[in-house]
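Since the structure comes first, as structure tokens, the remarks are kept for the end.
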Amino acid sequence: MDQALVTHLAQPGSQWWRSGVIYQIYPRSFADSNGDGLGDLKGITSRLDSLAALGIDAIWLSPFYCSPQKDAGYDVSNYVDVDPIFGTLSDFDDLLEKAHGLGIRVMIDLVPNHSSDQHAWFQRALAAKPGSPERAFYHFKDGLGENGELPPNNWVSMFGGPAWTRVTESDGKPGQWFVHLFDSSQPDFNWANPEVQLEFENILKFWLDRGVDGFRVDQPHAMAKAEGLPDHPYLKEAGAGFIEGRENPPMWFQEEVHEIFRKWRKILEGYPGERAMCGEAYVYPLSLMAKWVRSDEFHQTFNFRFLDAGWDSKKLFDAINESFEAFDGVGAPSTWVLNNHDVIRHASRFGGDYGRATASDGIGSGQPQPDPILGLQIAKGATLFMLGLPGASYLYQGEELGLPEHTTLEDKYRQDPTFARTNGARVGRDGCRIPLPWEPEGDSSGFSESGKSWLPQPASYKELARSIQEKNPESTLSFYKTALDLRKQLGLGEGSFSWIAGHQGPETLGYENSGVKVIYNFGAQPVDLSTFEILLSSQPLSGKQLATNQCAWIKP
Ligand code: GLC
Ligand code: CA
């Protein structure tokens, strides 16, 4: 897609979510306080100082609610309590208090598209009759075929396999089917039901009352379904997903969602402080996504266009143009993201050819292995390029240590449902979810005092432990700290954006923000920066020459 060259002016409004750096914590892999090998809330609280030292503005916690953990907590069985494996509500309050004391805001994950099949609402629905109000919380339908033995439509799951599972009715006979766009343990809610809407409004209030600063909303584009649940019109080409530019299939970004988000926004605005919600919305093109961040809907959405661009100069150029054009049009901040718990870590992704990054397929030992040196080099350049952009930026735990993906995890450890549901054809997302190394000592590198760890760390994690990197000014951690500190000092998050002539690809991409120039070299030839002051570079520059795969922040 060809885009016009955009410029972006600093946005009016100084709310934190317009420019903040938000750090994603994956609770089960951050820090373990009680030696069971699974990260928990107390573990997070005990390590928050290190995040304050890193210089982030907010954290987003992936789910810690009661859950059978069939999809690592994205299968919630009680939205208003903490799973005992992670701690208690009072542990959560302590975490919040500590974070706020350190000036760190706290966003939590809201999972409204589906619950766990162990949620009381689903259990109640199973026990009730077809056509009952209990069943109307979810999407139950009679099957097709003579005896209802065929699923009600052609939908398939995002994790592989069918999107329908048949239940056994109370008389012991096979009965209705329910829809799940993800695992069969994650039944989708019926958002056309006002009672479901009311329940979630109460969930929002429960956490806002406790003091959270906002929500990261899981799969919001899936919440509303087209009436009658018609077939996916081009399933053969799109699988569970959709193809940009074509009609949106009956399960993705239906118009009805907007009314729901408007209600949520009003609820958030009824609270003091700047509470915010970020939608994990896969809505393309971004001109469509812009509707999701109108001033009375989400405050921001993840910019997966940027993440999906890989590290291709043309795709990035287009993604940035498209982002500012779309989001500026509605006065919303653009967001930027390179990592999360669903995609191959950028230090590995950029060290090989892994196609569309968000395929969430992971890397297994049978596949071509990434080049760790090249990967980290590009990753650091990419991060510097991202952190210079005005808007909000998301970081994922461990990227500040330059952690690679675990690409040789033994299959026996794999827990992502994608692995089982595709019979191992997709190894899944476990490789980016490995527990963090804090110190070089111990079997789990300081993750747990007991040395236990729910997924084993690769050998390379030891020397990347935070305590080692903290002492080394040349480390990836020190680089992230300097970048975040400078970003703040220079006001880059709140700044403006324009492309620099002669740096619009394919050899180099360069932009200017608040008097600072940011240049990334994609080409084979070095870029001469000898007339500039170098504020920061992703690798030490020799003779002020920006070599291939390096990025620098410079000033005349
Ligand atoms: C989101 C989460 C992912 C989860 C899925 C289903 O994409 O980020 O981890 O598996 O939703 O809840
Ligand atoms: Ca634990």
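Whole angstrom only: what separates the Cα centroid of segment 211-242 from the Cα centroid of segment 408-449? The distance from the Cα centre of segment 211-242 to that of segment 408-449 comes to 28 Å. Whole-Hz Karplus values for segment 238-252 come out as 9, x, 6, x, 9, 10, 4, x, 9, 4, 7, x, x, 10, 10 Hz, taken residue by residue from phi with 6.51 cos²θ - 1.76 cosθ + 1.60 and θ = phi - 60°; glycine and proline positions read x. Contact order for segment 349-491, expressed relative to its length and based on alpha carbon pairs under 8 Å spaced 6+ residues apart, stands at 22 percent. Globularity index of segment 120-179 is 1.10 (Cα radius of gyration / 2.2 N^0.38 Å, N = number of residues).
Qualifying trypsin sites (Lys or Arg not before Pro) in segment 1-94, where qualification requires a DSSP coil assignment and no more than 13 other C-beta atoms within 10 Å, are lacking entirely. Taking amide H positions as modeled 1.01 Å from N, with prolines and chain starts lacking one, the residues under 5 Å from residue 277 and 5 or more places away or on another chain are 215, 299, 300. Can you compute the FRET efficiency between residue 489 and residue 123 using 1/(1 + (r/R0)^6), with r the Cβ-Cβ distance and R0 = 56 Å? Round to the nearest 0.05. After rounding to 0.05, the efficiency reads 0.55. Quick one: Debye curve from the C-alpha atoms of the chain, no solvent, what's log10 I(q)/I(0) at q = 0.07, 0.10 Å⁻¹? Log-scaled intensity ratios, in q order: -0.39, -0.82. Looking at segment 1-106, the DSSP beta bridges with both ends there are about 25 percent antiparallel. Residue-wise HN-Hα couplings along segment 498-511, as the Karplus relation 6.51 cos²θ - 1.76 cosθ + 1.60 with θ = phi - 60° gives them from phi, are 8, 6, 9, 4, x, 10, 10, x, x, 6, 9, 10, x, 9 Hz; Gly and Pro carry x.
Computed with the Debye formula from one identical point scatterer per Cα of segment 310-394, without solvent, the log10 of I(q)/I(0) at q = 0.12, 0.19, 0.22 Å⁻¹ comes to -0.40, -0.89, -1.11.
Scanning residues 5 or more positions from residue 179 or on other chains, those with amide H under 5 Å from its amide H are 139, 188, with H placed 1.01 Å from N in the peptide plane. Computed 3J(HN,Hα) for segment 290-303, one whole-Hz value per residue from the Karplus formula 6.51 cos²θ - 1.76 cosθ + 1.60 where θ = phi - 60°, is 4, 5, 7, 10, 4, 4, 10, 10, 4, 6, 7, 10, 5, 9, glycine and proline marked x. Compared with the dominant principal axis of the Cα atoms in the chain, helix 372-387 is inclined by about 90°. Note that segment 456-556 carries a Kirkwood radius of 15.0 Å, evaluated over its alpha carbons pair by pair. Based on Cα contacts under 8 Å between residues 6+ apart, segment 29-171 shows a relative contact order of 18 percent.
Using only Cα atoms, tell me the angle between helix 476-490 and the longest principal axis of the chain; keep it within 0 to 90° and round to the nearest 10. On a 0 to 90 degree scale, this one is about 80.
Pairs from the table (380/452; 141/173; 380/471) lying more than 24 angstrom apart at Cα are 380/452. When the listed pairs 42/266; 70/291; 70/263; 42/70 are checked against a 27 Å cut-off, the alpha-carbon distance exceeds it for 42/266; 70/291; 70/263. All distinct Cα pairs of segment 1-66 go into the 1/r average, and the inverse of that average, the Kirkwood radius, is 14.6 Å. Any number yet on Rg/Rh for segment 185-242, C-alpha, Kirkwood? Rounded to two decimals, Rg/Rh equals 1.09.
Amide H contacts under 5 Å for residue 114: 189, restricted to partners 5 or more places along the chain or on a different chain, H placed in the peptide plane at 1.01 Å from N.
Take every pair of alpha-carbon atoms less than 8 Å apart whose residues are at least six positions apart; their mean separation over the length of segment 479-539 yields a relative contact order of 24 percent. Distance from the Cα centroid of segment 104-121 to that of segment 463-504 is 33 Å (rounded to whole angstrom). Between 0 and 90 degrees, the angle of helix 89-101 with respect to the longest Cα principal axis of the chain falls at about 20 degrees.
Rule-based calculations on the coordinates, nothing more; no lab input. Computed from a prediction, not measured in an experiment: that's the story for all the values here. Counting neighbours? That spans all protein chains shown, and the Cβs are built from the backbone with ideal geometry, glycine included.
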